[in-house]
Amino acid sequence: TNTIARSARSIKPKHESGSVPAPPPPPSAPPTPPTPTWGSLFRRMAMSRSMVLLTLFSVIGGFLFGYDTGVMSGAAVFCQDDLKLSDLELSYVVSSTVGAAAVAAAASGVPMQTYGRKPLIMTASVMYVAGGALVGFDPAMDRVKHKHGNSTDDDYNMGKRTESMAVLLAGRVLLGVGIGISSITVPVYIAEVAPSDMRGQLVGLNNMFIVLGQMIACGINILCQWYLTEGARWRVSMGIAAVPAAIQLVGFLFLPESPRWLAQNGRKEEARAVILKLRGVKATAEQVADDMASLDELNKSEGGSLYEQVWGSWRYGSLYEQVWGSWRY
């Protein structure tokens, strides 16, 4: 009995005797990628001065979009007080910009696909400059003074007032055309030239500049109210938009066309050169090859003629399915 007991005590479980190895430790979790920040964005952008300049000149379009849509909130009051506009005439001034922007935005797709993104952005800049200059330097705004006894009454010659109304409407229509074109072309241009790891942030930067333009427009209206005369307030607040538009126009003379549009039109070597320039000196051959491959895939996915790309999705059946198909009970 004692022998059996000693034998039993000498027997150890398998996991204690070392005959069976201990299970391996659980695999460690993969490292958490760093959270992207605006600081990391600009550090990556610092590798390419061309990308920085392209972004700055492009977002001016978003700034002008926001400024010219926001400035009318205060300039409308200035115009009505100075030109003695009726409510109906003021509604013409305000709605002319919105209507022109809607028509220009709807009509921008075909020329943007045919002639490229860069020429249309420059066209929008020309419209901003022309519209701002026309509104800001209206030559027909001369006051005619009539004295009655000891009082002075300022009134407008009716012919010059009518001419001023026409000039103001023409200027606002040109600004609306610029708004419509830039609202379509600038986001597309930024998205197509930006590297994939920065694309979302740069397009979001354009949206931020739209809001910034609206905020600055409110500040300009306040300053005009404080420091300028009645006849100069609306001219300066609306006409000053010609300055950043002229800067954008000059800057785009030296910026490249979208590499995607170049690749779509068979100019792949030019597209490769643009990608190399925008990627900077630290760009690797693998990055450039990936960018070119992504352009080829996008072009193949679109395919077809320009007519098919623009009008193909507007066939009754497909349009009905896209708009109303998901709402079926």
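The values are calculated or read from the model by the stated rules, or taken from the named source; none is laboratory data. It should be emphasised that the depicted structure is a prediction, and the values quoted were computed from it without experimental measurement. Note: ideal-geometry Cβ built from the backbone for every residue, glycine included; neighbour counts use all protein chains shown. The area values use the complete protein model at the heavy-atom level, side chains included, leaving out ligands, DNA and RNA. Shrake-Rupley method; radii C 1.70, N 1.55, O 1.52, S 1.80 Å.
Yes or no: residue 261 assigned to a helix (DSSP H, G or I), at pLDDT 80 or above and not basic (Lys, Arg)? It would help to see each step written out before you state the result.
Details: assigned to a helix (DSSP H, G or I): yes; at pLDDT 80 or above: yes; not basic (Lys, Arg): yes.
Taking the combined requirement at face value, the residue satisfies it.
Quick check on the stretch 216-238. Is at least one of its residues aromatic (Phe, Trp, Tyr), open to solvent by 40 Å² or more (accessible area, probe 1.4 Å) and at pLDDT 90 or above? Yes: one or more hits. When the stretch 190-215 is filtered for residues that are of a type in the set (A, V, I, L, M, F, W, C), within 20 Å of residue 272 (Cβ to Cβ) and in a helix (DSSP H, G or I), the ones remaining, listed by number, are 190, 191, 193. Taking the stretch 66-94 as the range and being within 16 Å of the chain's Cα centre (by Cα) and either open to solvent by less than 50 Å² (accessible area, probe 1.4 Å) or closer than 22 Å to residue 254 by Cα (or both) as the test, the residues that pass are 66, 67, 68, 70. Among the residues of the stretch 166-197, those identified as buried (at least 18 other Cβ atoms within 10 Å of the Cβ) and more than 21 Å from residue 245 (Cβ to Cβ) are 192, 194, 195. Against the conditions (1) open to solvent by 40 Å² or more (accessible area, probe 1.4 Å); (2) over 12 Å from residue 175 (Cβ atoms), where does residue 126 fall short? Just the number, please. Only one criterion in (1) open to solvent by 40 Å² or more (accessible area, probe 1.4 Å); (2) over 12 Å from residue 175 (Cβ atoms) is unmet by residue 126, namely (2).
Tell me, which residue of the stretch 198-212 that is among the aliphatic types (A, V, I, L, M) and open to solvent by 60 Å² or more (accessible area, probe 1.4 Å) is farthest from residue 188 (Cα to Cα)?
Just the residues of the stretch 198-212 that are among the aliphatic types (A, V, I, L, M), to begin with: 198, 202-203, 205, 208, 210-212.
Keeping just the survivors that are open to solvent by 60 Å² or more (accessible area, probe 1.4 Å) gives 208, 211.
On the way: 208: 16, 211: 18 Å.
Only one residue tops the list, namely 211.
Here is the figure for the stretch 154-203: residues that are modelled with pLDDT under 80, hydroxyl-bearing (Ser, Thr, Tyr) and closer than 28 Å to residue 271 by Cα total 1. Within the stretch 34-63, restricting attention to residues that are among the polar types (S, T, N, Q) and at pLDDT below 85, the residue that is farthest from residue 274 (Cα to Cα) is 35.
A Cβ distance below 6 Å, combined with a sequence gap of six or more or placement on separate chains, defines the contacts here; from the stretch 49-73, residues that are closer than 10 Å to residue 186 by Cβ reach residues that are open to solvent by 10 Å² or more (accessible area, probe 1.4 Å) and among the polar types (S, T, N, Q) in the pairs 65/183.
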